[in-house]
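A short write-up of the structure that comes next.
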Amino acid sequence: MMELQPLFWLDRLDDLRRVATDGVTRPSLPAPLALVRMPAFVAQADLRAGDLKRATTTATRALHAADALGLPELHFGRAEPHWVLATIAIEHDRLDDAADHLEQLMRVVEVRRPPLEVLAHLALADLAEAQGDRDRRRAGDRASTPPSRGPRRWWWPEPIEPRGRAALRRGDAAEARPLVESQPAGVDRQQLLARLALVERDRAAAEAHLAEVDVDQLHLRQRIEHGVLLALAIRTVDRGRAAQHLAEVLALTEAQGYHRTLVAEGPALWDLLEAVPAHGRIAAHVEALLDTARRTVPTVQVVDQGSLIDPLSERELEVLRYLASRLDSSEIASALYLSVNTVRTHVKAIYRKIAVNSRPDAVARGRELALI
């Protein structure tokens, strides 16, 4: 087990699978290790590599083995399989299934697995985001900050990368930068640096970071992220080439059922999806993504309104984010528990403050000012 964890940290996923497979064949290995813990590590490796189908199969097999062995519901070996299956359920937009796995996961990690507790809270935050619950999203992000456990330190590293991604999703460059820069050299660091550059609105720097990546050496998850980031980096200068990069990504994501990863990229990617030439199964994939996007409100961002003479109120910023979705005025009013007339009043104030006359212009201007 001590050998597997560093292989996971170093992204040596093929070596991890080999060591785990060799370990399972050792006759002296206890059944909970051979049938539950080892497959759980492999499921995490499959998830990290982007193979959602294989990760689902392996994690499910680990939980079935735990049941067959009569392991208690709070046995710490159940934590990783539940986390893997919850993450995949969120990805596939099966939110009820995700909630069930996370409920089981939290019962385990609160007792025996403090490092996984951080990942569990981040997954809860992702679930809240997918459900449109902004308050629980913020609470989940706050809870993901590793708690102090007294003088005894964890024997494995704090999961810095997921926390850095959460900060980038919020557009908080100040919080994200030290987390990203503390990542070890490699593909994930370069891609996180590209994300950071996009948050800081430096598209040239994002392209430069992506150009340093050897695409031929990437596993599936990294290839998907690389293609998405490249499309976002060049979309304002070469929309046609950006759409082509995204079309290549969609061919990869359709086969594995990727969904939430693409929708969570926000309005910039949603807009680009509509420009992708697609047919057959890819066209159906695009339509499913856009259907979710129409019901999705962009992530709350850290914003700087210093360029505005009359800054938007918190409620106006929230309405502006909803304008970037495909919801109509009555649906926005229902989501915010406001009357339609109140929403229209906020919209008029937004138009006046950012000097626009229409919803598309408000969304475009909001992106330009980094308010969305």
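For the list (1) farther than 27 Å from residue 93 by Cβ; (2) crowded, with 17+ Cβ neighbours inside 10 Å; (3) not aliphatic (A, V, I, L, M), I need the number of the one condition that residue 314 fails. Among (1) farther than 27 Å from residue 93 by Cβ; (2) crowded, with 17+ Cβ neighbours inside 10 Å; (3) not aliphatic (A, V, I, L, M), residue 314 violates only (2). Quick one: what pairs do we get from the stretch 53-79, first residue aliphatic (A, V, I, L, M), second surrounded by 14 or more Cβ atoms within 10 Å (Cβ to Cβ) and not in a helix (DSSP H, G or I), C-beta under 6 Å, 6+ apart or different chains? If the second residue must be surrounded by 14 or more Cβ atoms within 10 Å (Cβ to Cβ) and not in a helix (DSSP H, G or I), the pairs left are 79/113.
All of (1) in contact with a Gly (Cβ under 7 Å, 6 or more places away or on another chain); (2) in contact (Cβ under 8 Å) with a residue 24 or more places away in the chain hold for residue 44 with one exception: (1). Listed conditions (1) open to solvent by less than 30 Å² (accessible area, probe 1.4 Å); (2) in a loop (DSSP other than H, G, I, E, B) are all met by residue 286, apart from (2).
In the stretch 330-372, the residue that is least open to solvent (accessible area, probe 1.4 Å) out of those that are assigned to a loop (DSSP other than H, G, I, E, B) and either of a type in the set (A, V, I, L, M, F, W, C) or touching an Asp or Glu at 6+ places or on another chain (Cβ under 6 Å) (or both) is 371. Filtered by the rule that a residue be surrounded by fewer than 18 Cβ atoms within 10 Å (Cβ to Cβ) and either without any contact (Cβ under 8 Å) to a residue 24 or more places away in the chain or assigned to a helix (DSSP H, G or I) (or both), the stretch 228-246 gives 238, 239, 240, 241, 244. Restricting 320, 327 to those that are crowded, with 20+ Cβ neighbours inside 10 Å and within 24 Å of residue 273 (Cβ to Cβ) reduces the list to 320. Restricting attention to the stretch 260-283, the residues that are aliphatic (A, V, I, L, M) and not in a helix (DSSP H, G or I) total 4. Please determine, by comparing only the residues of the stretch 1-30 that are of a type in the set (Gly, Ala, Ser) and surrounded by 12 or more Cβ atoms within 10 Å (Cβ to Cβ), which one is nearest to residue 188 (Cα to Cα). Only one residue fits best here, namely 20.
The set of residues in the stretch 69-82 being assigned to a helix (DSSP H, G or I) and open to solvent by less than 40 Å² (accessible area, probe 1.4 Å) consists of 77, 78, 79, 80, 81, 82. Looking only at the stretch 300-308, decide whether some residue is assigned to a helix (DSSP H, G or I) and either more than 19 Å from residue 210 (Cβ to Cβ) or more than 16 Å from the chain's Cα centre (by Cα) (or both). No. Within the option set 253, 292, being at negative phi, open to solvent by less than 10 Å² (accessible area, probe 1.4 Å), touching a residue at least 60 places away in the same chain (Cβ under 8 Å) and polar (S, T, N, Q) holds for one residue only, 292.
For (1) open to solvent by less than 50 Å² (accessible area, probe 1.4 Å); (2) modelled with pLDDT under 80, each residue gets a yes or a no:
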| site | (1), (2) |
| --- | --- |
| 99 | yes, no |
| 121 | yes, no |
| 139 | yes, yes |
| 154 | no, yes |
| 163 | yes, no |
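Of all residues in the stretch 170-202, those satisfying the criterion of being farther than 19 Å from residue 234 by Cα and in a helix (DSSP H, G or I) are 173, 174, 175, 176, 177, 178, 179, 180, 181, 187, 188, 189. Listed conditions (1) crowded, with 24+ Cβ neighbours inside 10 Å; (2) closer than 20 Å to residue 225 by Cα; (3) modelled with pLDDT under 95 are all met by residue 48, apart from (1).
Just to be sure, is residue 23 over 24 Å from residue 110 (Cβ atoms) and assigned to a helix (DSSP H, G or I)? Criteria met by residue 23.
The values are calculated or read from the model by the stated rules, or taken from the named source; none is laboratory data. Values in this document were obtained by computation on a predicted structure and should not be read as measured data. Because the Cβ atoms are built from the backbone with ideal geometry, glycine has one as well, and the counts that use them run over all protein chains shown. The protein model used for the area step is the full one, side chains on, heavy atoms only, and it has no ligands, DNA or RNA in it. Shrake-Rupley method; radii C 1.70, N 1.55, O 1.52, S 1.80 Å.
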